[in-house]
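The structure appears right after this line, and notes come after that.
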Amino acid sequence: MNNSPVTSEPVAVMGGAIITLVTAVIVLLQAFDFDLTADQSTAIVGVATAIITVVSLLYARSQVVPTEKAEQVIQQAADMPAGSTPPTL
C-alpha cells in the first residue's frame, strides 16, 4: 500500500498546495509592482488559510464513515449466511 502524503492525507496536501499558490501569486504581484503592504499580504494569506481550512474540514467529513457504523456493518456481514449480499456503508 502506498503511504505517501498525497494518498494518505489528500486534504492536507491539497490545502497546503493552495496556500502555496496564494502566496506565490502575492509574491508575483509584488514583483510586478502591485502595491501590497506586508499587512495586506498577511491578511490575504490568513483569509485564504481560513477558507481552505473550513472547506477541507467539510470535504473530509463528508468522506469518512463513523467507526460505530463501520463496526455495525462489519458485524452484520459476519452474521450473514454465505452467498448473501453484504450490507453497504
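Run GLN63 past the list (1) within 23 Å of VAL11 (Cα to Cα); (2) modelled with pLDDT under 80; (3) in contact with a helix residue (DSSP H, G or I) (Cβ under 6 Å, 6 or more places away or on another chain) and report the number of the one that doesn't hold. (3) is the only condition that GLN63 fails.
If I filter the stretch 50-61 for residues that are more than 20 Å from the chain's Cα centre (by Cα) and of a type in the set (Lys, Arg), do I get at least one hit? There is no residue in the stretch 50-61 that is more than 20 Å from the chain's Cα centre (by Cα) and of a type in the set (Lys, Arg).
Taken residue by residue, the stretch 50-69 has at least one member that is of a type outside the set (Val, Ile, Thr), surrounded by 14 or more Cβ atoms within 10 Å (Cβ to Cβ) and part of a helix (DSSP H, G or I).
The values are calculated or read from the model by the stated rules, or taken from the named source; none is laboratory data. Note that this is a predicted model, so its numbers are computed, not measured. We place every Cβ from the backbone using ideal geometry, glycine too, and count neighbours over all the protein chains shown.
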